[in-house]
1. Any residue in segment 1-25 that is in contact (Cβ under 8 Å) with a residue 60 or more places away in the chain sitting within a Cβ distance under 9 Å of a residue that is aromatic (Phe, Trp, Tyr) and in a strand (DSSP E or B)? List the pairs, counting only those 6 or more apart or interchain.
2. Does Ile88 meet the test of being touching a Phe, Trp or Tyr at 6+ places or on another chain (Cβ under 9 Å) and surrounded by 12 or more Cβ atoms within 10 Å (Cβ to Cβ)?
3. For residues in segment 38-66 being touching a Lys or Arg at 6+ places or on another chain (Cβ under 6 Å) and outside any loop (DSSP other than H, G, I, E, B), which is surrounded by the fewest Cβ atoms within 10 Å (Cβ to Cβ)?
4. Failed condition for Asp30, given (1) touching a strand residue (DSSP E or B) at 6+ places or on another chain (Cβ under 8 Å); (2) at negative phi; (3) free of Cβ contacts under 8 Å to residues at least 12 places away in the same chain, with all others met?
5. Within segment 52-75, can one find any residue that is at pLDDT below 95 and within 19 Å of Ser40 (Cα to Cα)?
6. For segment 9-22, give me the residue count where each residue is within 13 Å of Glu96 (Cα to Cα) and not acidic (Asp, Glu).
7. Please pick out the residue among Asp57, Asp83 that is out of contact with any Ser or Thr (no Cβ under 9 Å at 6 or more places or on another chain) and either closer than 18 Å to Met1 by Cβ or among the aliphatic types (A, V, I, L, M) (or both).
8. What's the number of the only condition in (1) in a loop (DSSP other than H, G, I, E, B); (2) on the phi < 0 side of the Ramachandran plot; (3) out of contact with any Ser or Thr (no Cβ under 9 Å at 6 or more places or on another chain) that Gly12 fails to meet?
Amino acid sequence: MRINVLTGPYEGNNYSFEYDIIVGREGNVDLSIPLDLAVSRKHLKLSVVGKSLVVEDLNSTNGTFLIEPGRVTKVSGKKEVNDFPAFIKIGNTVLEVLI
């Protein structure tokens, strides 16, 4: 999975992972975004299942949102994504995710 940070304090950063990841503000997660105070300590989990991305909000305070053409959808629990790149908004950060 490849992640590009499009907005927020880490705009321009790029990451690659070969495994499921936890994204959040605290330091012991796989992708830490400590300068975005609107991101929860453990905000979301990203998993690759076959050719799909599973986005799971981890009961974050401010929510996880999928940005799709013409709409923004709040993720409640788990959401499977099959169109790439996927755009995910957490706090003030937008992530572009490719698998």
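The values are calculated or read from the model by the stated rules, or taken from the named source; none is laboratory data. A quick note: this is a predicted structure, and the numbers were derived from the prediction, not measured. As a convention, Cβ positions derive from the backbone with ideal geometry for all residues, glycine included, and neighbour counts pool all protein chains shown.
1. Once the first residue is in contact (Cβ under 8 Å) with a residue 60 or more places away in the chain and sits in segment 1-25, its partners that are aromatic (Phe, Trp, Tyr) and in a strand (DSSP E or B) give Met1/Tyr15; Arg2/Tyr15; Ile3/Tyr15; Asn4/Tyr15; Val5/Tyr15; Leu6/Phe87.
2. Working: touching a Phe, Trp or Tyr at 6+ places or on another chain (Cβ under 9 Å): yes; surrounded by 12 or more Cβ atoms within 10 Å (Cβ to Cβ): yes.
For Ile88, the condition - touching a Phe, Trp or Tyr at 6+ places or on another chain (Cβ under 9 Å) and surrounded by 12 or more Cβ atoms within 10 Å (Cβ to Cβ) - is met.
3. Filtering segment 38-66 for residues touching a Lys or Arg at 6+ places or on another chain (Cβ under 6 Å) gives 39, 41, 54-56, 58, 63, 65.
Okay, now just the ones that are also outside any loop (DSSP other than H, G, I, E, B), so 54-56, 65.
Numbers: Val54: 15, Val55: 24, Glu56: 17, Phe65: 17.
Only one residue tops the list, namely Val54.
4. Status for Asp30: all satisfied but (3).
5. no
6. Just the residues of segment 9-22 that are within 13 Å of Glu96 (Cα to Cα), to begin with: 10-16.
Add one more test, that the residue is not acidic (Asp, Glu), and what stays is 10, 12-16.
Of the residues in segment 9-22, 6 are within 13 Å of Glu96 (Cα to Cα) and not acidic (Asp, Glu).
7. On the way: Asp57 fails: out of contact with any Ser or Thr (no Cβ under 9 Å at 6 or more places or on another chain).
One residue alone meets the criteria, Asp83.
8. (2)
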